[in-house]
Amino acid sequence: MNRIIEFFISSLSQHGFTAFWASFVSQVIIVLVLLILSSLIYWISKKIIISLFNRISKNTKTHFDDILIKNKAATRLSYLFPNLFLYQFLPEAFLEYETIATLLKSILEAFTIIIVINLVRALLKTIRDYSKTFPSFKDKPIDSYIQVVMIFLWFIGGILILSVLTGKDI
């Protein structure tokens with residue numbers, strides 16, 4: 001990544017940019033390229049995961065996977081891949097600015113926690129909807145149980161997010 005940034009800086013310096021502006025513009029270009037690649041990764045992973053889920057859904061007799069698709073678990077799963085990509089490469093674009101790199105890593109870790117919580121939420125909704133297809137569970141308060149689990153999950157997630165953003169252990 002450093003070689004790419006150095007290439008942009010030297011190219012921009014040759015075209016009359018000062019050292020500050022060459023560095024600034026090259027980092028903006030790198031960030032934009034990483035965001036575009038991240039969007040592309042999201043789009044590709046979403047297409048692959050949804051088609052995989054659809055293929056599996058057609059080959060099984062249960063309706064669990066159909067409900068999983070309806071509750072957008074595949075879409076939520078596809079958010080992980082661009083987030084992990086950005087977590088790996090975005091802070092490297094700011095190696096000169098250690099504070100920004102650390103802040104970006106913390107923010108992306110917090111996003112990962114939110115993505116995982118939303119994925120678990122989609123799975124819990126799927127379990128709720130699937131269990132309602134059975135006559136023995138129709139009169140059970142499954143929604144209440146899932147709501148309690150989600151409150152607990154968001155509480156733990158909030159603590160984890162605060163821990164990540166503040167840099168303090170739990």
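Conditions (1) surrounded by 13 or more Cβ atoms within 10 Å (Cβ to Cβ); (2) over 30 Å from residue 25 (Cβ atoms); (3) within 19 Å of the chain's Cα centre (by Cα), marked per residue:
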| position | (1), (2), (3) |
| --- | --- |
| 46 | yes, yes, yes |
| 63 | yes, yes, no |
| 74 | yes, yes, yes |
| 86 | yes, no, yes |
| 97 | yes, no, no |
| 100 | yes, no, no |
| 113 | yes, yes, yes |
| 139 | no, yes, no |
Scan of the range 155-170 for residues that are part of a loop (DSSP other than H, G, I, E, B) and either aliphatic (A, V, I, L, M) or without any contact (Cβ under 8 Å) to a residue 40 or more places away in the chain (or both), ordered by number: 168, 169, 170
Of all residues making up the range 15-32, the number that are part of a helix (DSSP H, G or I) and out of contact with any helix residue (DSSP H, G or I) (no Cβ under 9 Å at 6 or more places or on another chain): 4
Cβ-Cβ under 7 Å pairs, at least 6 apart or on other chains, the range 107-125 side part of a helix (DSSP H, G or I), far side surrounded by 18 or more Cβ atoms within 10 Å (Cβ to Cβ) and polar (S, T, N, Q): 108/83; 111/83; 112/83; 115/83; 122/71; 125/71
The listed residue being under 30 Å from residue 76 (Cβ atoms) and of a type in the set (Val, Ile, Thr), out of 29, 41: 41
Yes/no for residue 148 being exposed (fewer than 13 other Cβ atoms within 10 Å of the Cβ) and assigned to a helix (DSSP H, G or I): yes
Residue tally, condition open to solvent by 80 Å² or more (accessible area, probe 1.4 Å) and in a helix (DSSP H, G or I), over the range 126-137: 3
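The values are calculated or read from the model by the stated rules, or taken from the named source; none is laboratory data. Bear in mind the structure is a predicted one, so any value in this text is a computation, not a measurement. Counting neighbours? That spans all protein chains shown, and the Cβs are built from the backbone with ideal geometry, glycine included. To get the accessible areas, we keep the full protein, side chains included, count just its heavy atoms, and leave off ligands, DNA and RNA. Shrake-Rupley method; radii C 1.70, N 1.55, O 1.52, S 1.80 Å.
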